[in-house]
Amino acid sequence: MSLKESTQKPKTNKFVNNYLGIILLLLLVAVIWAIFKILAPGNFGSPDKMLSYLQSSLIYAVGGCGLYFICVMGLFDFSIGANVVLSSILACVFAQKFGYAGLILVPIICGTLIGLLNGIVYIKLHIPSMIVTVGLALIYESLSVFATQGQEQILQSANCAFGTYPANLILALCAFFLTALIIKYTKIGTYTYAIGSNEYVAKNMGVSVNKYKVVAFVLCGFFVGVMSILTISYGTSMTAASSLSSMGRNFTPLMGTFFGLAFRKYGKPITAIVIGEFIISMIFNGFVAIGAPSTVQNVVTGAALLLIVMVTTKPVKGIVVK
Amino acid sequence: MEEVILRAENVNKSFGITHAVKDVTLPFNKGEIRGLIGENGSGKSTLMSMLLGIYSIDSGKFILDGKELNVNNQVEANRNGVSIIVQEMGTLSGLTVAENIFLGNEDRFVKFGIKNTTAMNREAQALLDKYGFNRIDATMMIDNYDFEDRKLIEIVKATYFDPKVLVIDETTTALSQSGRDELYKHMNRIRDEGNTVIFISHDLAEVIKYTNSISVLRDGVLIDTVQSSDVTEDDLKKLMVGRVLDDRYYRTDYGEAVSDDVVLSVKNVSVPGEIKNMSFELHKGEILGIGGLSECGMHEVGKAVFGASYDRTGEVTLADGTPINSITTAIKHSIAYASKDRDNESLVINDSISDNICLPSMDSLRVNNILLNKHLNEFANKYAKLISVKMVDVNQFVSDLSGGNKQKVVLARWIGKNSDIVVLDSPTRGIDVKVKADIYALMSEMKKQGKSIIVISEEIMELLGMCDRILVMKDGALSGEFMRSPTLTEEDFIAKMV
């Protein structure tokens, strides 16, 4: 009897492990839908509208996947906004000459190179990743200004397939599956978690900590490159950024990443990022639907970000937070 | 003739001025369980850390199976047939059980960059089943298991590849009886297969019972290796101690009465995971020592008294009944605290000596609410000179000073604050003999002025030499109390702490 109990116990845990997180998130989706539906019955939540919320959330979820590799290690990348701006602008320029090949390859290459640079500078300078990436973001923004001379770049309508269903969904799904594959089925995934859990122990186990930190930045850059394809295709135009005006683009992907971190213990972080971004998209659109001014949306973004981070990070008592 | 599998040859290691392992030459035989014992800081863990590549070796070498062992981390050590079960948590959160077992060794499951997670899980589960831990599921996150189960997983991780040498570093204290039995079972199995186990423990009865031979270290020096069947616990304790009080440094007075006035009382104080139900009183003009093994919770007692513990329960009160529940109230009521972790918890390293000394006394140094550098420097200079801090001037940065002089800055700060109750945690840790003597003299001087001192120390001789009364702690609780006496020996003390 006791043996049977002890062999069965993990099974129930396993079910909880696998599906409870997703169920909780879907419940949250339902609750938020219901709230805004009651507040703005005419303007919110029809099937068509839900699809359009999903469309924008897919873009951010791809970026959130990239950022996940960074945040699991306890690092940050605040250059992804600048990366998106620069990659999208280059995508526009090259799409004019090479069509879809330019639209797809150029932002991925650009994004990945930016990730590589972020990683190398972070490792070599031994300063916090947040500072490194903000500093570099200013440089990437300036490059975007040099590249365009301040002109708005417009993507020709012939190259806009990734801005609508089904191409955007297919590309995003590819990115999600790739992330999940890397996390679950490669050494990179294991080592990323190991470094995030205890860098010292990981080092002792022969994990090359610096190498895998650079790898994480490269992966982040790669997925931000994919995000750039979706961003420019959806918005069809991009203006160069300066003075950290790209900063605002960092937070929506970051919020999804934190959903992933919070629900990681249920074993499906990528699903959590996607549903998390959808929830955030619903809330933004919900406020638009009830007619709240856009400043209120910024308040909501800021408060939601703080709330999510507070819930997902459990600092050790007495630890110095800077 | 027994066959030697591993030999340490003239191994040395120093940390700053502390010579932690001194010229140790020690052979280990094939097919034996060897106990390794010694009190705090005797060098057992340092020696083993060098074997595993966690610390570098200053000089000397380890020879395994006739070849010099040259490893830089645990995984490389594993590949050479040496593994360890560590004292603290050796598994990583956020990974599955299987990922933890094979961490650093994933390559055998990787083909074309893709890890065969199914095969890895299957193999991990097969190992767990083989060890009789089939209630542990290899695919689960390790966070779902408690400390004890995680230690069992570490046993699998450290032994599944049949290491030639397995080091077990003080693991048993964390385990319940059934967990210990599992561990003993696998120790015996490894020995019976012709391999070697090095077993570090403070539980001497356990060491005698489960080992074939025992090596004793003291102050980084190998004292002796004895057959377990020939010795008693008392014999081992005798080998572990052996130093005599050196009255050149310590107090020489005995039998002076301590005042009956209680200045601080600690009642039923507990801190989760650290100390359990501690109660004691501190008298006026008393030097009260607290000692025990490094992990016995004594360092937390200092924090608890200073109001710096988290989740503390119970009461710390002054003579007039004032409760001390926060650092600010503690300082306000003349309590001082010097942490064991001098650089991180006591000093503002990247700041001047002057600022460090004046920090808690700023209020009294204000003139019309203005702080003048002149006043701060005069104040700092006065107290730094008083206890002869070696410095260029008070504007020198603390980061430039030696360990001993840093500690003097900490003491100058609290003397300047004129604190009546002074808690000193490991006041002479990593400090050379000359400054040590200065600090002891200072403590005697403070005692004369009627100040009360709590000294928390891992050095038994220091406690015996300086304290009016010594509390001994074991596993977070009080386990004994000694009054100052010339006949009190290290041995009496060790009997209560292990």
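Find the residue count for the stretch B:415-453, including only residues that are in a strand (DSSP E or B) and of a type in the set (Gly, Ala, Ser).
Filtering the stretch B:415-453 for residues in a strand (DSSP E or B) gives B:421-425, B:452-453.
Narrowing the set further to residues that are of a type in the set (Gly, Ala, Ser) leaves B:452.
Count: 1.
Applying the set (1) polar (S, T, N, Q); (2) in contact (Cβ under 8 Å) with a residue 12 or more places away in the chain; (3) surrounded by fewer than 24 Cβ atoms within 10 Å (Cβ to Cβ) to B:THR91 leaves exactly one unmet item: (3). Filtered by the rule that a residue be within 14 Å of another protein chain (Cβ to nearest Cβ) and modelled with pLDDT of 90 or more, the stretch B:159-183 gives a lone residue, B:VAL167. Residue-level check: of (1) of a type in the set (Val, Ile, Thr); (2) surrounded by fewer than 16 Cβ atoms within 10 Å (Cβ to Cβ); (3) away from chain A (no Cβ under 12 Å), B:ILE198 misses just (2).
Taking the stretch A:176-188 as the region of interest, how many residues are in contact with a Phe, Trp or Tyr (Cβ under 9 Å, 6 or more places away or on another chain) and either closer than 17 Å to A:GLY267 by Cβ or more than 10 Å from chain B (Cβ to nearest Cβ) (or both)? Lay out the reasoning, then the answer.
Let us first name the residues in the stretch A:176-188 that are in contact with a Phe, Trp or Tyr (Cβ under 9 Å, 6 or more places away or on another chain), namely A:178-179, A:182-183, A:187-188.
Okay, now just the ones that are also either closer than 17 Å to A:GLY267 by Cβ or more than 10 Å from chain B (Cβ to nearest Cβ) (or both), so A:178-179, A:182-183.
Of the residues in that region, 4 qualify.
Looking at this structure, is B:SER228 surrounded by fewer than 20 Cβ atoms within 10 Å (Cβ to Cβ), within 30 Å of B:PHE62 (Cα to Cα) and small (Gly, Ala, Ser)? Give the derivation first.
Numbers: surrounded by fewer than 20 Cβ atoms within 10 Å (Cβ to Cβ): yes; within 30 Å of B:PHE62 (Cα to Cα): yes; small (Gly, Ala, Ser): yes.
Taking the combined requirement at face value, the residue satisfies it.
Out of the residues in the stretch B:112-150 meeting the condition of being among the hydroxyl-bearing types (Ser, Thr, Tyr) and within 24 Å of B:VAL86 (Cβ to Cβ), tell me which one is nearest to the other protein chains (Cβ to nearest Cβ). Step by step, filter the stretch B:112-150, then rank; the result is B:TYR145. Scanning the stretch B:333-389 for residues that are more than 24 Å from B:ILE456 (Cα to Cα) and either outside the structural domain of B:ALA319 (by TED's automatic domain parsing) or in contact with a Lys or Arg (Cβ under 7 Å, 6 or more places away or on another chain) (or both) yields a total of 1.
Could we say that B:LEU128 is assigned to a helix (DSSP H, G or I) and in contact with a helix residue (DSSP H, G or I) (Cβ under 7 Å, 6 or more places away or on another chain) here? So that I can check it myself, show each step before the final result.
Values: assigned to a helix (DSSP H, G or I): yes; in contact with a helix residue (DSSP H, G or I) (Cβ under 7 Å, 6 or more places away or on another chain): yes.
Yes.
When B:VAL435, B:VAL394 are screened for being in the same structural domain as B:LYS382 (by TED's automatic domain parsing) and more than 24 Å from the chain's Cα centre (by Cα), only B:VAL394 passes.
Could you list all residues from the stretch B:353-364 that are over 30 Å from the mean Cα position of the chain (by Cα) and either of a type in the set (Gly, Ala, Ser) or modelled with pLDDT of 90 or more (or both)? Answer for the stretch B:353-364, where residues must be over 30 Å from the mean Cα position of the chain (by Cα) and either of a type in the set (Gly, Ala, Ser) or modelled with pLDDT of 90 or more (or both): B:SER354, B:ASP355, B:CYS358, B:SER361, B:SER364. Pairing residues of the stretch A:189-202 that are within 7 Å of chain B (Cβ to nearest Cβ) and touching a residue at least 12 places away in the same chain (Cβ under 8 Å) with residues that are of a type outside the set (Lys, Arg) and part of a helix (DSSP H, G or I), at Cβ distances under 7 Å and at least 6 apart in sequence or on separate chains, gives A:TYR193/A:VAL72; A:ALA194/A:ALA202; A:GLY196/A:VAL72.
Just for the stretch A:197-216: of the residues that are part of a helix (DSSP H, G or I) and of a type in the set (A, V, I, L, M), which one is surrounded by the fewest Cβ atoms within 10 Å (Cβ to Cβ)? Walk me through it before giving the result.
At the first step, the residues of the stretch A:197-216 found to be part of a helix (DSSP H, G or I) are A:197, A:199-204, A:209-216.
From what is left, the residues that are of a type in the set (A, V, I, L, M) are A:201-202, A:209, A:214-216.
Values: A:VAL201: 19, A:ALA202: 26, A:VAL209: 16, A:VAL214: 18, A:VAL215: 21, A:ALA216: 30.
The selected residue is A:VAL209.
Of all the residues in the stretch A:206-226, those that are within 14 Å of chain B (Cβ to nearest Cβ) and within 11 Å of A:LEU116 (Cβ to Cβ) number 2.
None of B:THR117, B:THR96, B:THR159 is hydroxyl-bearing (Ser, Thr, Tyr) and over 27 Å from B:GLY53 (Cβ atoms) except B:THR117. When the residues of the stretch B:33-54 are filtered to those that are touching a strand residue (DSSP E or B) at 6+ places or on another chain (Cβ under 6 Å) and among the charged types (D, E, K, R), the one that is nearest to B:LEU64 (Cα to Cα) is B:ARG34. Screening A:SER88 on (1) within 14 Å of A:SER228 (Cβ to Cβ); (2) outside any helix (DSSP H, G or I) shows it passes everything except condition (2).
Inside the stretch B:1-111, counting only helices (runs of 4 or more DSSP H) that do not spill past its ends, which hold 3 or more residues that are more than 13 Å from chain A (Cβ to nearest Cβ) and modelled with pLDDT under 90? Before you say what the answer is, go through the steps one by one.
Working: elements: B:44-51, B:74-79, B:97-101.
So the answer is B:44-51.
Residues in the stretch A:235-267 that are closer than 15 Å to A:ASP77 by Cβ and either within 14 Å of chain B (Cβ to nearest Cβ) or touching a strand residue (DSSP E or B) at 6+ places or on another chain (Cβ under 7 Å) (or both): 2 in all.
For the stretch B:137-163, give me each residue that is assigned to a helix (DSSP H, G or I) and touching a strand residue (DSSP E or B) at 6+ places or on another chain (Cβ under 9 Å). Walk me through how you get there before you give the answer.
Just the residues of the stretch B:137-163 that are assigned to a helix (DSSP H, G or I), to begin with: B:142-144, B:147-159.
Across the stretch B:137-163, the qualifying residues are B:ILE142, B:LYS151, B:GLU154, B:ILE155, B:LYS157, B:ALA158, B:THR159.
Does B:GLY476 meet the test of being under 17 Å from B:THR252 (Cα atoms), crowded, with 18+ Cβ neighbours inside 10 Å and small (Gly, Ala, Ser)? Spelling it out, it is not the case that B:GLY476 is under 17 Å from B:THR252 (Cα atoms), crowded, with 18+ Cβ neighbours inside 10 Å and small (Gly, Ala, Ser).
Quick check on the stretch A:297-305. Is at least one of its residues at pLDDT below 85, more than 21 Å from A:VAL84 (Cα to Cα) and either within 14 Å of chain B (Cβ to nearest Cβ) or in a loop (DSSP other than H, G, I, E, B) (or both)? No: the stretch A:297-305 contains no residue that is at pLDDT below 85, more than 21 Å from A:VAL84 (Cα to Cα) and either within 14 Å of chain B (Cβ to nearest Cβ) or in a loop (DSSP other than H, G, I, E, B) (or both). The residues of the stretch B:69-84 that are more than 14 Å from B:ILE57 (Cβ to Cβ) and small (Gly, Ala, Ser), listed by number, are B:GLY81, B:SER83.
Can you find even one residue in the stretch A:152-173 that is surrounded by 13 or more Cβ atoms within 10 Å (Cβ to Cβ), without any contact (Cβ under 8 Å) to a residue 12 or more places away in the chain, part of a helix (DSSP H, G or I) and in contact with a Lys or Arg (Cβ under 6 Å, 6 or more places away or on another chain)? Within the stretch A:152-173, not a single residue is surrounded by 13 or more Cβ atoms within 10 Å (Cβ to Cβ), without any contact (Cβ under 8 Å) to a residue 12 or more places away in the chain, part of a helix (DSSP H, G or I) and in contact with a Lys or Arg (Cβ under 6 Å, 6 or more places away or on another chain). For the stretch B:195-220, the set of residues classified as of a type outside the set (A, V, I, L, M) and either at pLDDT 95 or above or closer than 19 Å to B:LEU26 by Cα (or both) consists of B:ASN195, B:THR196, B:PHE199, B:SER201, B:THR211, B:ASN212, B:SER213, B:SER215, B:ARG218, B:ASP219, B:GLY220, listed by residue number. In the set (1) in contact (Cβ under 8 Å) with a residue 40 or more places away in the chain; (2) farther than 30 Å from B:ARG108 by Cα, A:PHE287 fails one condition alone, (1).
The values are calculated or read from the model by the stated rules, or taken from the named source; none is laboratory data. These numbers come from a predicted model, not from an experiment. Reconstructed Cβ throughout: ideal geometry from the backbone, glycine too, with neighbour counts over all protein chains shown.
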